[in-house]
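The values are calculated or read from the model by the stated rules, or taken from the named source; none is laboratory data. This structure is a prediction, so every number in the text was calculated from the model and none was measured. When we count neighbours, we look across all protein chains shown, and the Cβ atoms used for this are built from the backbone with ideal geometry, even at glycine.
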Amino acid sequence: MRTAKLGAPRRGFRWARLREDAIRWVTRRHRADGFEATVTRDRVYILPTRQGYLLLATIVVMLVGSINYANNMAFLLTFLIVGIGHNAMWYTHRNLLGLQVRVLPVAPAFAGDAQVLRLRLEETAGRPREALRLQQGQREGSPVHVEAGGTTTIEVALEPRPRGRHGLARQRLFSGHPLGLLVAWTWLTLDTEVLVYPRPIAAGSPLPMAPASTTDGTVTAPAAVPEPDLDGIRAYRPGDAPNRIVWKAVARSGRLLVRETGGGGGPPVWLDWAQVIGPDPEFRLSVLCQAVLTAAAGERPFGLRLPGVELPPAAGPEHRERCLRALALFEAPTS
Amino acid sequence: MIRIGITRASAPPAPLPGLWLLLAALPVAALPHAWEQPLWVILLVLGAVAGRLWIHAQHTRLPAAWVMILLALGAGALTFNHFGTWFGQEAGTALLLVMVALKLLEIRSERDIVVSLLLGYFVVVTTYFFNQSIGIAAYSLVSTWLLTATLLQVHAGRRLPLARLARASGVMLLQALPIMLILFLLFPRLPGPLWGSPERERTAQTGLSERLEPGDIAQLLENEATALRVRFEGPAPASSRQYWRALVMTDFDGRAWRVDHDRPSGAIDRVGGGTDAPIDVTYTATLEPNGARYLPMLEFAAAAPAGAELLGNHQVLRRHRIEQRIQYTGTAQWVIPEPPPLGPTERARALALPEGTAPRTRIQAGLWRTLHGDDDRAIVDAALTLFAAAPFRYTLRAPPLLRDRTDHFLFETQAGYCEHYASAFAVLMRAAGIPARVITGYQGGQWMDTGRYLRLRQADAHAWTEVWLDEQGWIRVDPTAAIAPERIEWGLSGLFDAGMEAPDFLRRSGLAWSAAWRLRLSDWHDLMTYRWEYGVLAFDPERQRELFARFGLDATDWKNVLLALLVTFGGLGLLAAGLAWLLRPRRPQDPAQRALERLSRRLQRLGLARQPHESAPHYAARVGAAHPELASALTAFAEAHTQLRYANLSAIEQAQFAQQLAHTLHIARVYTRWPQRRSAAPCA
């Protein structure tokens, strides 16, 4: 279902596709999980590992030796190891069974930066779970454990993705506990939004933007960081940055008050797609991304104008996120 | 076994979880080999462990690939030089140990540790080539436990406390035991080896000698090691009847008796029971390895056990030397139907006395012959009467015999034990013209009440004679019974009771507590060994067939085997599932919460189950609004629920509120089940 989202297999392309088809065939009966899932019996798969097959070979050699030498003690030891291996199957299966998994929001990142998928594991069956690992695509996370009745977070680094909004590829929660002879796993189709902002161009350098096209008489000076203007104080509005709260005034008045800068004193800054010099839409987005970051660090409100999208001037972290999201989701007009 | 690759020897090895445990577990697994392997193998294993520890302590690199190749080649050559081969049990085991040792020096990854651990299981199983005692079995459990704990640690993903590892590994081991038992009993057994001969040369086995010279058995008399353990079907015969016949000796050279090697197995000697009542006893015997071929059989063996043959002189010989403990079943019977007469060759052989031996004995025999005429029986009695009276003494510390042994014993020292009397008696008979031969074997023994088996020690070795009487055949005559009847009646301990000097193990009283405890431990150990031998080691295709037959199944039919496996494993699975269900962890829940859930289940019929987020009062209010008849009961319920959960109540108050909960539950039940009675529903 989400084949296209899997990382491209590097080698053995044909095998990878066959494998993918097989997994799809096996998991076709499971519905997509959404935000949370419970590892039920019908979705736990188990197979021997390479070490498991090695032990099997050991057992066969020991058995043949026992038969040949008609050695009852050798029979006993061989069958004891058979018993241990057999019970390991049960242990491994139960190590996964009954876990409740919930996907945590994936923090957005700039293209090329690491993103981590975190799942919340909740143990409700009353037995400790060991050596649980999470895999997504080619990446595997490090093992975690959960105490009986406890919770923990398991994580795996996501494969790097281009700018845009993505879903999650199928995850594989697996464990070889206790003896590593078998691996039990479950395929999770937990989904959450993975947002990748454009990669900002290097900070500090002058932005390749033309000081042009002021349609409504406002100045466009993206690179200039305006001086803070301390003349006005107004009531707090949701979205105002916490560092702009004037605590002394709050203590006096009992109301949340923030410093008013830019709004009245400085005119809003417009960051406009049309201003950016460069033919490549991705490059333009990278420039705008850096511009948004610079502007957000300043005090003046700023607006973002993209073909088909216009975000009116505002300030504060929420506005910053909104702008970055707009950049992430922007579809360049094909012309 | 040794993985040779391009070594990245530039960095010290990364710390691996489980490596320390491996370094402890492997030497433990290899320890029982220390008694069997040449010293250099032991040193190599210890050296490898020490080397690996040193590498970690010094943070140095692992040896480079070429060093490992040289070491492996060197160790292989050393093995070949020592054993002349790389195969077979001893050389193969040595090679295995050497390779495991070298592997320790080049462990780089988790996978290497796992390979070493699997080799460790081999190290444990090869122990059984050399020793199959119950002690080794218990020790292997410890080794397996350690190896499994190491495997657990390797895959734990973090460092686990030792106690937790030990517990987890122990639990896994215990849980594997039922499966082990089922497979052990039901896995199809094949008779005989698949290749080669599994026999292995053993040294230093004790047992009866093929040559009897007075004084020989004395070495065995101090030996308290077990020779034979016997379990009887039915009651055990009296001690005086238990003659365990092993070797028959007809040829006498004047000093020593030699075992008959050239007796055909065809014609069976005629034997007579004398005055004894006939016996018919079936028994199962476990024989300690004796390095010889004889099987001690209760007189007289009706047939030879499998793998052995019954000779004409009632000796039972095995085809191969007995190098391992074996078990066999025998039946003793007294009367041999239609026995042939003594042939002339046999008669001459049983009468032969070397020229010039025992002149005084011959005179004595001649005297009896003239006195009693043709009456052989009377001559036998005369000799026994002679021995029964002074100055003949029975003693375990016989003076040494000089010159002509028989004459010196009969007329000068006149003190000795079974073999002196048996030998002298046989010579006397031959001198009198009565065919005679000497038999060695075991007699007496100790009845182990706890295990209900007879334990015959090497010290119970005994010698007696047989004489040929024309009307009756070969008759057993035990001169010891004449001189020391207590020896025959009560076994060796009878001698001690009669006031003779005896080794500790024959004395049952008057011992220092330490000696008494040692003996008690020895008895206990013998019992455990016996149980182990009889119950476990002796399990073979034959016993498996018997086991299947007990359930009306045929062990040779794979369908029956499959059925048995399915039934037992199915039963085991059900048992395990049942136990897991019984022992499942329950979320602790107070009665109030449980009552709330029950209420929710009841009201579900009205489509009014409690939502997970609803508290008891909210829920009560919601349901009460929909069904006003229930409102007051539900309000009371919510109040009681809140009180029980959050208030600090006395026992009486608790009981009152609990009653309120039950009352509301009852009302809800009536209300939901019988809508026609709603109007009459009692409201609290």
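General observations
- Condition met for B:A91 (in the same structural domain as B:L162 (by TED's automatic domain parsing), at pLDDT 90 or above and outside any loop (DSSP other than H, G, I, E, B)): no
- Meets criteria (at pLDDT 90 or above, in contact with a Pro (Cβ under 7 Å, 6 or more places away or on another chain) and crowded, with 21+ Cβ neighbours inside 10 Å) for A:L134: no
- A single member of B:A592, B:A564 is in a helix (DSSP H, G or I), under 30 Å from A:N68 (Cα atoms) and more than 14 Å from chain A (Cβ to nearest Cβ), and it is B:A564.
- From the list B:H613, B:H627, the one residue that fits, being away from chain A (no Cβ under 14 Å) and exposed (fewer than 10 other Cβ atoms within 10 Å of the Cβ), is B:H613.
- Qualifying residue in segment A:30-49 (condition: polar (S, T, N, Q), crowded, with 17+ Cβ neighbours inside 10 Å and in contact with a helix residue (DSSP H, G or I) (Cβ under 8 Å, 6 or more places away or on another chain)): no
- Long-range neighbours under 6 Å by Cβ, at least six apart or interchain, first residue within 25 Å of B:P435 (Cα to Cα) within segment B:374-402, second surrounded by 15 or more Cβ atoms within 10 Å (Cβ to Cβ) and of a type in the set (S, T, N, Q): B:F392/B:Q414
- Taken over segment A:86-122, the criterion of being touching a residue at least 40 places away in the same chain (Cβ under 8 Å) and among the aromatic types (F, W, Y) is satisfied by A:Y91, A:F110.
- Complete set of residues in segment B:124-167 that are at the interface with chain A (Cβ under 10 Å from one of its Cβ atoms), small (G, A, S) and over 30 Å from the mean Cα position of the chain (by Cα): B:A156, B:G157
- Annotation: of all residues in segment A:42-91 being aromatic (F, W, Y), more than 7 Å from chain B (Cβ to nearest Cβ) and part of a helix (DSSP H, G or I), the one that is nearest to B:F569 (Cα to Cα) is A:W90.
- Whichever residue in segment A:171-186 is in a loop (DSSP other than H, G, I, E, B) and small (G, A, S) and, among such residues, is farthest from the other protein chains (Cβ to nearest Cβ): A:G176
- Looking only at residues of segment B:176-190 that are touching a residue at least 40 places away in the same chain (Cβ under 8 Å) and surrounded by fewer than 18 Cβ atoms within 10 Å (Cβ to Cβ), we find that the one that is nearest to the other protein chains (Cβ to nearest Cβ) is B:L190.
- Filtered residue count, segment B:65-88, keeping only those that are surrounded by fewer than 17 Cβ atoms within 10 Å (Cβ to Cβ) and polar (S, T, N, Q): 2
- B:E542 in a helix (DSSP H, G or I), within 30 Å of B:L190 (Cβ to Cβ) and within 14 Å of chain A (Cβ to nearest Cβ): yes
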